[in-house]
Amino acid sequence: MNLSNKGWVQRQKEEKRDQYFRYAAHQYRVKHYDLAVEYYLAGIKLDPHSLIGYLDLGKSYEMLGSWAPALAALERALELSPGNPTAQRRYKRIAEEQQFFQAFSLSLPPLFAASRRMYPSACFAPPAQSLSVSDTRTSPLVKSQSLSEYCNRGEGKTNYFQLEVSPKLSVRPSELTDLVISATTEVDRLFRHSPRQTSKTPIRILVLPARGYVVDSKPSKPLQPEDPLMPGWATAKYQDRTIFIRYDQQNRVMRTLFLILLRHEWVHLMIDQLSAGNCPKWLDEGLAMAISRPMMNSERQYMMEETRDLIGDAKPGYTSASFSRLDLLFEHPSDNRQRADYLRARLFVEWLVEQSGWDSIFESIQQMGVSDLPSNDLALDYPHESENRKIDRLLTQILGDSPNQLYYNFLQQRT
């Protein structure tokens, strides 16, 4: 083969490799991580020295909870490019995630475990040591199952909640029952929720397939939504006494993720019921994040860098009146800003619990559900109040300072 032919063959391989990588990136964006892995492997087969291929292959394996092959892909990337900062950062993060999921506890995070009250629970919670969060595979298809046999509310049995699994999934409700009971019982006790406060209408937990889109392998074809219940990017949501959770059967740590997601949305449910829907989003999301799982070191490091940048915008002499950012959380459209806002709300709420105690936070949420909120007899020291000024005044009355002033104090202490 002459040189011109060799060059043509090489260009053809490179074009085919790039095509596979584009398909892989597309599948990753629409959360079809197993297909992304297949396309990255196909591209790497054509070019075993592709740094980008191994970097993104590791990230795709990460999203499937496949820690060993993810770390192996990044080790190969470091062989190709020693000291590569992206490979090092991803390797460190995935190694921490592997340890986190292997050591994950069903108990509430320590900050809230000490505050949990032994109030009557709607369901009997199995001992934590009897529960397993390891992945299992099943074959029978079961559409739904009532959990009334596990719940007792004084006189006879009732449906405190009902778990319904899509027939498109092979997991059975009975396989998730213990996780549901454990997650909801702990949160119920923390929010002092007793079975007698429960509506006769059961709380619905709908478990949906992870794939919410009909997707062509080629990125040029537009996506069509398959399920109107949830937006395609969401993994879980709470709305009107119903919790929706996407269940990815390809993910090896999905049982653990299911418990975390359910606990997160159950916190939203408790707060919604207590506050009559009046809780500010920063407090609602911050508590859901903080209660659902411990924070990883990589997340804390990320937020330390973000907070330094945020405080850098506050010139000397600025006060909370000129640095009112709390009300701006969750208003950023980009994914990176959304992630930072969720983590920042979490850290701020944890700080509030440490400063004021869980009883004060709980009282604040409970009072939000009362019709007679404080009148405007408190002078707030910042001009940009949130839409619900009465809620801000209530928080100021109970916590001793305005939410934005407290947020400003929190940011200053973190620098």
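The values are calculated or read from the model by the stated rules, or taken from the named source; none is laboratory data. Source: prediction; values computed, not measured. Neighbour counts run over all protein chains shown; Cβ positions are idealised from the backbone, glycine included.
Data overview
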{"quantity": "Residue within region 368-382 that is modelled with pLDDT of 80 or more, part of a helix (DSSP H, G or I) and surrounded by 14 or more Cβ atoms within 10 Å (Cβ to Cβ) present", "calculated": "yes"}
{"quantity": "Exclusive hit being within 24 Å of LEU262 (Cα to Cα), modelled with pLDDT of 85 or more and not in a loop (DSSP other than H, G, I, E, B), set GLU149, GLU62", "calculated": "GLU62"}
{"quantity": "Residue in region 78-89 that is basic (Lys, Arg) and either modelled with pLDDT of 95 or more or surrounded by 15 or more Cβ atoms within 10 Å (Cβ to Cβ) (or both) present", "calculated": "no"}
{"quantity": "Selection count, region 48-59, where residues are outside any helix (DSSP H, G or I) and surrounded by fewer than 19 Cβ atoms within 10 Å (Cβ to Cβ)", "calculated": "2"}
{"quantity": "Residue check, LYS45 out of contact with any helix residue (DSSP H, G or I) (no Cβ under 7 Å at 6 or more places or on another chain) and surrounded by fewer than 15 Cβ atoms within 10 Å (Cβ to Cβ)", "calculated": "yes"}
{"quantity": "Residues of region 389-409 satisfying the condition of being touching a residue at least 60 places away in the same chain (Cβ under 8 Å) and either not in a helix (DSSP H, G or I) or not assigned by TED's automatic domain parsing to the domain that holds SER364 (or both)", "calculated": "SER402"}
{"quantity": "Qualifying residue in region 55-72 (condition: outside the structural domain of TYR247 (by TED's automatic domain parsing), among the hydroxyl-bearing types (Ser, Thr, Tyr) and touching a helix residue (DSSP H, G or I) at 6+ places or on another chain (Cβ under 7 Å))", "calculated": "yes"}
{"quantity": "Top-ranked residue of region 263-308 - restricted to ones that are touching a Phe, Trp or Tyr at 6+ places or on another chain (Cβ under 9 Å) and of a type in the set (Asp, Glu), ranked as surrounded by the fewest Cβ atoms within 10 Å (Cβ to Cβ)", "calculated": "ASP272"}
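Here's the yes/no breakdown for (1) under 21 Å from the mean Cα position of the chain (by Cα); (2) modelled with pLDDT of 50 or more:
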site	(1), (2)
ALA68	no, yes
ALA113	yes, yes
ARG117	no, yes
ALA122	no, no
THR136	no, no
THR158	no, no
